[in-house]
Structures are given as structure tokens and as C-alpha cells.
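A.B. asks: Could you have a look at this structure, given as C-alpha cells, before my questions?
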Amino acid sequence: MTTLCTTTGLGVRYRHAGAAALSGVCLAIDAGERLAIIGGSGSGKSTFARALAGLLPAGAAVDGTVAWPALGHPPRPGRDLGFVFQDPGASLNPVLTVGEQVAEGAQRHLGLDWKRAFERAESLLARVRLPEPARLLRAFPHQLSGGQRQRVAIAAAIAAKPSVLIADEVTSALDQAVQAEIVALLDELVREEAMTLIFITHDMALASGLADRIAVFDRGELVELGPARRIVTAPESAAARLLLAAHIDLGTPSLVTGGGA
Ligand SMILES: Nc1ncnc2c1ncn2[C@@H]1O[C@H](COP(=O)(O)OP(=O)(O)OP(=O)(O)O)[C@@H](O)[C@H]1O
């Protein structure tokens, strides 16, 4: 198994913040794996993802190291690494058409001319299972539902064929049926495009259905790491037990359905 990314003693402190948002995180991510980053609100999940991607805000102080041995250089956002956020309304530009936003990554990073980039955008919209992709190229984000906008954001994130996809709470703003569709889409895309998936969530059910391994964060620290099935059936940390109990309280369906482990 090739190591894609390694963090050693990774810590982050935001400017003007009291406590560190992240401290001492040592984690190796394998190329091609699906890793869920799970934890309660404020546990440092997004900070970890942003630190991996080199997308921390200016003024954040970083300790430790992030290395990408398989790439040999820091990942170029949009090219080596695609990022999808919780709120597609925020990640999509309201005044650009869907086609322009999806084509942009292909044009910029793959060196396609605009005609070819739009052809690629159309095929990507079909790829993320949006109906009538040719018509959709000319639509604006506000003309789409939340689930459709998230599909567009995923298409834009993978437009330049990145080898890593970071999905940060991508289903949190969607209702449960749409959540399941988006998870199924990510599952299919990472399998077929052989991408590494880093899936951030506070939902143990979503994590266990999709991931090979789960990393549990609590108050800025990595408190547990292991195969998804083991974490769900025999959690060792109090944080994992709490997240599991939250799931059981909600009475939602079976936790271990997919995942590789
Ligand atoms: N730009 C920022 N400036 C200052 N503090 C921040 C900033 N972003 C995050 N924090 C703080 O860092 C800590 C970790 O936040 P982070 O967003 O990484 O957690 P999270 O686990 O992703 O939470 P959530 O699930 O609520 O999104 C929190 O205490 C948060 O308030």
C-alpha cells in the first residue's frame, strides 16, 4: 500500500483563538483508501482537512509536518486535490453558470480550450447523475435544488481529475434521502476514478457505511483510529462511544453496510 499523506505532530492555532484547534496529530493516509474523519462540533475535523489541503486562513500557526510522499510536492488545490464543502451555495458562484464553474477547473488545470472544457463539464454533469446536462450547463445555481447544487459542486471538484477528494460535511445541509444519494454517488465516484476519499462527518452511520477506516477527533486531538467495522462494533474512546450512542438514540438504520473493513 502506498502512503499518500503523513502528518506528524500536526497542530494548528488560529490567530486570536485561545486553545489550539488541533494538536499533535500523527496520521498516515494510504493512497486509494476511504478515510472518515469523525468528531463532534469543534473537534478539529475541518481544521485537519484544511491543513492537509494547505487551505488554512492567513495567520494560522502550524506545528509539525504534512508530507505527501506519493505526490512529491504539496497538493495543488483543484488539481491534485478536490474539496467539497457543506454548503454548495457558498462554494458555487451565484453569477456564473453551472457550465462555467465546472468547466473552469478543466480549462485551468487540464489545459483544455473552453469548447473542450465545456464538453468535459457536460459529461461530468451526467457523471454525477444530473438530468439534462446540456441544458444544465446554462443554468445558474439558484435554479437548482440543494442536492443538485451539491452534485454540481462535486462535478466541479473532480473536473481536473484530482487523486484525492476531501468531502467536508457534504451531506449535513441535505435531507436524509438526498444524503443517501450523495453518499452513494461519492462511493461510486471514488471507486471508479480510483480516488482517495477523506470524508468528514459527525455521523457515525455515514462514516461506517462509506469508509475503510475511521479517525475519531476530540477537542483537537486524534483519539482513535481503526477499521470502520471495529470502531463501530468495539469503540475504545469515549468520543467514539458518544458518537455511536447519538446514532443509536436516533434509531437510524444499520451502521455497517458498506465500507472496506
Ligand atoms: N478561522 C477560524 N478562526 C478562529 N478559530 C477557528 C477558525 N476556524 C475554526 N476555529 C475554531 O477551531 C476549533 C476547531 O474547529 P473546526 O471547524 O476545525 O471543527 P469541526 O470539528 O470541523 O467542527 P464542526 O463540525 O462544527 O464544523 C473550534 O474551536 C473553532 O471554533
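A.B. asks: Percent antiparallel among DSSP beta bridges with both residues in the chain, to the nearest 5?
C.D. replies: Numbers: 18 of 38 bridges.
Around 45 percent antiparallel, to the nearest 5.
A.B. asks: Averaging sequence separations of C-alpha pairs under 8 Å and six or more residues apart, then dividing by the length of the range 92-161, give the relative contact order as a whole percent.
C.D. replies: On the way: 89 pairs, mean separation 31.8, N = 70.
Relative contact order here is 45 percent.
A.B. asks: When only Cα pairs under 8 Å and 6 or more residues apart are kept, what is the percent relative contact order across the chain? It would help to have the intermediate numbers written out before the result.
C.D. replies: On the way: 527 pairs, mean separation 64.0, N = 261.
Normalised by residue count, the contact order of the chain is 25 percent.
A.B. asks: Continuing with the same structure: Using a Gaussian network model of the chain whose springs link C-alpha atoms within less than 10 Å, name the residue from Leu174, Leu137, Leu55 with the highest mean-square fluctuation.
C.D. replies: Leu55
A.B. asks: If you don't mind, another one. Tell me, what % of the accessible area of the range 1-100 is carbon and sulfur with a 1.4 angstrom probe?
C.D. replies: Details: 2470 of 4510 Å².
Here it works out to 55 percent.
A.B. asks: Let me ask something additional. Give me the accessible area of Lys161, 1.4 Å probe, in Å² rounded to the nearest 10.
C.D. replies: Here the residue's solvent-accessible area equals roughly 130 Å².
A.B. asks: In addition: Taking amide H atoms as placed 1.01 Å from N in the peptide plane, list the residues 5 or more away in sequence, or in a different chain, whose amide H sits under 5 Å from that of Asp30.
C.D. replies: Leu4
A.B. asks: Right, here's the next one. Per the helix-only calculation at 222 nm, which mean residue ellipticity applies to the chain, given -39500 (n - 2.57) for every DSSP H run of n ≥ 4 and division by its residues, nearest 500 deg cm²/dmol? Intermediate results must be reported in sequence, preceding the final value.
C.D. replies: Details: 10 runs with 99 residues, N = 261.
Helix-only estimate at 222 nm: -11000 deg cm²/dmol.
A.B. asks: Averaged per residue, what accessible surface does the range 1-58 expose to a 1.4 Å probe, in Å²? Present the calculation step by step, with values, prior to reporting the outcome.
C.D. replies: Values: 2340 Å² over 58 residues.
In whole numbers, the range 1-58 has 40 Å² accessible per residue.
A.B. asks: Just reorder Phe118, Phe83, Phe48 by solvent-accessible area, largest first, 1.4 Å probe, all chains present.
C.D. replies: Numbers: Phe118 65, Phe83 35, Phe48 0 Å².
The ordering from most to least exposed comes out as Phe118, Phe83, Phe48.
A.B. asks: At 7 Å along Cα-to-Cβ for each site, give me the label-to-label distance between Gln176 and Ala126 in nm.
C.D. replies: 3.5 nm
A.B. asks: Accessible area, 1.4 Å probe, largest first: how do Arg76, Arg230 sort? Walk me through the numbers before you get to the answer.
C.D. replies: On the way: Arg76 120, Arg230 65 Å².
If we order Arg76, Arg230 from most to least accessible, we get Arg76, Arg230.
A.B. asks: Something else now. What are the ³J(HN,Hα) couplings of the range 5-19, residue after residue, when phi is run through the Karplus curve with 6.51, -1.76, 1.60 and θ = phi - 60°? Round to Hz, x for glycine and proline.
C.D. replies: Computed from phi, the couplings for the range 5-19 are 8, 10, 10, 10, x, 6, x, 9, 10, 6, 4, 6, 8, x, 7 Hz.
A.B. asks: Compute a Gaussian network model of the chain, connecting alpha carbons closer than 10 Å, and tell me which residue from Gly32, Gly89, Gly18 fluctuates the most.
C.D. replies: Gly18
A.B. asks: Explain nothing, just compute: Karplus ³J(HN,Hα) = 6.51 cos²θ - 1.76 cosθ + 1.60, θ = phi - 60°, for every residue of the range 80-90 in order, whole Hz, x for Gly and Pro.
C.D. replies: These are the phi-based 3J(HN,Hα) values: 8, 9, x, 10, 10, 9, 4, 10, x, x, 7 Hz.
A.B. asks: What is the dipole size for the range 59-168, taken about its Cα centre, with +1 at each Lys and Arg Cβ and -1 at each Asp and Glu Cβ, in debye to the nearest 20?
C.D. replies: In total the dipole reaches around 360 debye.
The values are calculated or read from the model by the stated rules, or taken from the named source; none is laboratory data. Predicted model only: the values in this text are computed from it and were never measured. Please note: Cβ atoms are built from the backbone with ideal geometry, for glycine as well, and neighbour counts cover all protein chains shown. Surface areas here come from the heavy atoms of the whole protein model, side chains and all, with no ligands, DNA or RNA. Shrake-Rupley method; radii C 1.70, N 1.55, O 1.52, S 1.80 Å.
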